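These notes are about the structure you will find just below.
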Amino acid sequence: MLTGRGGSMNEKVKIPKPVVFTNHALHRMKERGTSRGDVLDAIRMGQKESAQKGRSLYRLNLEFKKNWDGKYYRVQQIVPVVKEEEARMVVIIVYTFYFQEEDKP
């Protein structure tokens, strides 16, 4: 499934706890071309999967249609890894994948 940036208000689910980002996650987000808003959308609307050490990851495919690292991609997949604590959700790291590479339009 492919979601437009920001999703529609009908699709968004309220995140039950405050979300905080580790410095490592913020650094990787910048390095990999991902925004806080996209990460929060992944947590709200993404497919939740179990990860190592009792953590969860959330996988969300977004329409991209832009250049990244000198190549044009139609899809960006945002995958934050989250540790859920009693009072908050901690984003440990964020992976970003790019798909459907094309020649520049």
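The values are calculated or read from the model by the stated rules, or taken from the named source; none is laboratory data. In this text, all values refer to a predicted model and were calculated from it rather than measured experimentally. All Cβ positions, even for glycine, are placed from backbone atoms using ideal geometry, and neighbour counts span all protein chains on display.
Structure values in brief
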quantity	calculated
The range 60-75, residues that are touching a Lys or Arg at 6+ places or on another chain (Cβ under 8 Å) and on the phi < 0 side of the Ramachandran plot	L62, E63, F64, N67, Y72, Y73, R74
First in the range 34-62 and outside any strand (DSSP E or B), second anywhere and basic (K, R) and at pLDDT 95 or above, Cβ under 6 Å, 6 or more apart	G46/R59; R55/K83
Flag for E11 being at pLDDT below 95 and of a type in the set (D, E)	yes
Members of the range 76-105 that are surrounded by fewer than 16 Cβ atoms within 10 Å (Cβ to Cβ), part of a strand (DSSP E or B) and of a type in the set (A, V, I, L, M)	none
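For (1) over 11 Å from the mean Cα position of the chain (by Cα); (2) at pLDDT 90 or above; (3) surrounded by 12 or more Cβ atoms within 10 Å (Cβ to Cβ); (4) of a type in the set (S, T, Y), each residue gets a yes or a no:
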residue	(1), (2), (3), (4)
M1	yes, no, no, no
K17	yes, yes, yes, no
H27	yes, yes, yes, no
K30	yes, yes, no, no
G33	no, yes, yes, no
S50	yes, yes, no, yes
L60	no, yes, yes, no
F64	yes, yes, yes, no
N67	yes, yes, no, no
